[in-house]
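To keep things clear, I will list the structure first and then write my remarks on it.
The values are calculated or read from the model by the stated rules, or taken from the named source; none is laboratory data. Computed from a prediction, not measured in an experiment: that's the story for all the values here. Cβ: placed from backbone, ideal geometry, glycine included. Neighbour counts: every protein chain shown.
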Amino acid sequence: MPNLTNGLLDEYSGGLRRRLHTAILVVLLAVVPLAALIFTARSGLHSFTTRADVQAFSISFLSILFEAIPFVLLGAVVSGLIEMFVPAPTLLRFIPRGRLAQLAVGAGAGFLLPVCECGIIVIIRRLLRKGVPLRMALAYMLCAPIVNPVVIVATFAAYRGRPTWLLVPVARVVLGLGLGLIIAAWAGRSKFAREIKVAVAPDAAGDDQRTQLGIAGKISAALDHALNEFLDVALFLIAGAAVAALLQTAVSRAALAGFGHSPVLAVPGLMGLALVLNLCSEADAFVAATLSAALSVSAQLAFMVLGPMLQIKLILMYTMVFRRRLIFVLIATILAAVFVALELLALAEHFWGLGVTHGP
């Protein structure tokens, strides 16, 4: 038995060392030719890189990337810890049989695992591999970025001192939770279970082997898994950030916010802004609050409810976990549910004057 434990520990720690050494070697080998290329092309690229649109794209791209990377890394670490410290049989024992109960547990997990929407992708991929039902994973994926404690506190902080300091944060949680559960129930039906790319069957043999590792070995193996998950996600994150930055450069924010008080156009306009900006759910409330004087309450909520569920970069990251059909179903269902709910609220706000739309 000690030989088996030592072998597994050597395998995991050796894999981590090999990947780290490879990453360092690649970086070192890339630095010299990249520096030479930049130095040679500097004069030729100067007129291009100083253009206002190119600089705007660069700033948007880097801000999206640097904002998302810490949360993706956190999600990868949580995924690795789940893999090594939560055996599939143990996890499955805590999953209720009823559909409503599964949805409730999935949404409630957002309070226990407060991860941003980018980091959640790697976590649900790991949970689905462990055998967690699709509807439960979707409930966590859609609700957690809105109902987790960090986001709730951030939303209250963003609206502190404003007339809507209580209305908007509470409405955001209620709408995010309610719509997230409805969407998860619809898209998580058994007919879509085959649209998952990851292997759903629990890895019983792997769990048996991992029980032989000590704490140090499990932590080393968890970091190895986290590194693999992070590298898998990084490509999709970079591609999504580039597309989002390109759209931000091409689409004027003022054009979308210019009709912020229209009972018909404000909601789809701010939904479009949420798709394009790709803000973290812990930061989007501050953007919405700064625009509150120009936006109705329903428009602000459309921005803060849709963004954590659906963004350009998230759509690309969804391809890691789901097949094309389920991605289309998720996109259509999320857009339709948010649009209908917030348009009804916008009409009520317009005709009956619900809420207070202006800041101080």
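Things worth noting here:
- Members of the stretch 89-103 found to be surrounded by fewer than 24 Cβ atoms within 10 Å (Cβ to Cβ), in contact (Cβ under 8 Å) with a residue 12 or more places away in the chain and not in a loop (DSSP other than H, G, I, E, B), listed by number: Pro89, Leu91, Leu92, Arg99, Gln102
- When Ser79 is tested against (1) in contact with a Lys or Arg (Cβ under 7 Å, 6 or more places away or on another chain); (2) more than 28 Å from Ala283 (Cβ to Cβ), only condition (2) is not met.
- When Phe303, Phe286 are checked against the criterion of being surrounded by fewer than 16 Cβ atoms within 10 Å (Cβ to Cβ) and either in contact (Cβ under 8 Å) with a residue 12 or more places away in the chain or part of a loop (DSSP other than H, G, I, E, B) (or both), a single residue qualifies: Phe286.
- Selection from the stretch 111-128 of residues that are in a helix (DSSP H, G or I) and buried (at least 18 other Cβ atoms within 10 Å of the Cβ): Glu117, Cys118, Gly119, Ile120, Ile121, Val122, Ile123, Ile124, Arg125, Arg126, Leu127, Leu128
- Counting only residues that are in contact with a Cys (Cβ under 7 Å, 6 or more places away or on another chain) and not small (Gly, Ala, Ser), the stretch 109-156 holds 2 of them.
- For the stretch 308-336, a residue qualifies if it is outside any strand (DSSP E or B), surrounded by 16 or more Cβ atoms within 10 Å (Cβ to Cβ) and touching a strand residue (DSSP E or B) at 6+ places or on another chain (Cβ under 8 Å), and the qualifying residues are Val321, Leu326, Leu330.
- The residues listed here are Leu295, Leu344, Leu246; of these, the one that is modelled with pLDDT of 75 or more, surrounded by fewer than 22 Cβ atoms within 10 Å (Cβ to Cβ) and more than 30 Å from Arg125 (Cα to Cα) is Leu344.
- All conditions in (1) under 23 Å from Leu314 (Cα atoms); (2) touching a helix residue (DSSP H, G or I) at 6+ places or on another chain (Cβ under 7 Å); (3) assigned to a helix (DSSP H, G or I) hold for Gly108, with the sole exception of (2).
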